[in-house]
Amino acid sequence: MSKKIPLISPDNCLGCGTCIALCPNNFSINDVGKAECINLDSINEEEVQNAIDSCPVVAISWKEEE
Ligand code: SF4
């Protein structure tokens, strides 16, 4: 069964923190000030979608995982 996980493009991410504010369960800021996805086994789809819709540079997308 496939599942959807969020994917962040580090080249585009500004480190603005919006996705972390909207979905702290699944996004965090890493050592170099970019967003990264966390807790991939427990995705809150609604919050992640909010973060995707709110990212100012459209750096987050869904990825289908096998
Ligand atoms: S909202 Fe977008 S630009 Fe801002 S930290 Fe998250 S991924 Fe990066």
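State, as an integer percentage, the relative contact order of the chain based on alpha-carbon contacts under 8 Å between residues 6 or more apart. Working shown, then result.
Details: 107 pairs, mean separation 31.1, N = 66.
Once normalised by length, the contact order is 47 percent.
Quick check: the angle from helix 45-54's long axis to the longest principal axis of the chain, C-alpha only, nearest 10 degrees?
Long axis of 45-54 versus the principal axis of the chain: about 30 degrees.
Could you give the spread of the C-alpha atoms of the chain along their three principal axes, from largest to smallest, in whole angstroms?
Sorted from largest, the Cα extents of the chain read 33, 20, 20 Å.
Here, each number is a calculation from the coordinates, and none is a lab measurement. Here the structure is a predicted model, which is why all the values come from computation and not from measurement.
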